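One structure below.
The values are calculated or read from the model by the stated rules, or taken from the named source; none is laboratory data. Worth saying up front: this structure is predicted, and the values here are computed from it rather than measured. Heads up, the Cβs are rebuilt from the backbone with ideal geometry, glycines too, and the neighbour counts pull from every protein chain shown.
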Amino acid sequence: MRQIEITKNQSGQRLDKFLRKYMKEAPDGFVYKMLRKKNITLNDRKAGGSEMLQPGDQIRLFLAEETLTGFGA
């Protein structure tokens, strides 16, 4: 599991756009599938991807470390 805290510079963008930048090599379908399966949460809640990020938000990625490094995270 990896936890990301959103900074002031990262805020103001949609969650799905942030995740696509964070995991550059991951296909878009993978990101949305992980959101649907609750493998990616925002502030300990299920997220759809359209949420606007605010400073201090917590994103948790319940993915294997090998998967994250394979996707460029």
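Check region 4-24 and report whether any residue there is in a loop (DSSP other than H, G, I, E, B), at pLDDT 95 or above, surrounded by fewer than 16 Cβ atoms within 10 Å (Cβ to Cβ) and of a type in the set (Asp, Glu). For region 4-24, residues in a loop (DSSP other than H, G, I, E, B), at pLDDT 95 or above, surrounded by fewer than 16 Cβ atoms within 10 Å (Cβ to Cβ) and of a type in the set (Asp, Glu): absent. For first residues located in region 31-58 and hydrophobic (A, V, I, L, M, F, W, C), partners that are part of a strand (DSSP E or B) and surrounded by 13 or more Cβ atoms within 10 Å (Cβ to Cβ) and lie 6+ apart or on another chain with Cβ distances below 6 Å form the pairs MET34/ILE40; ILE40/LEU61; LEU42/ILE59.
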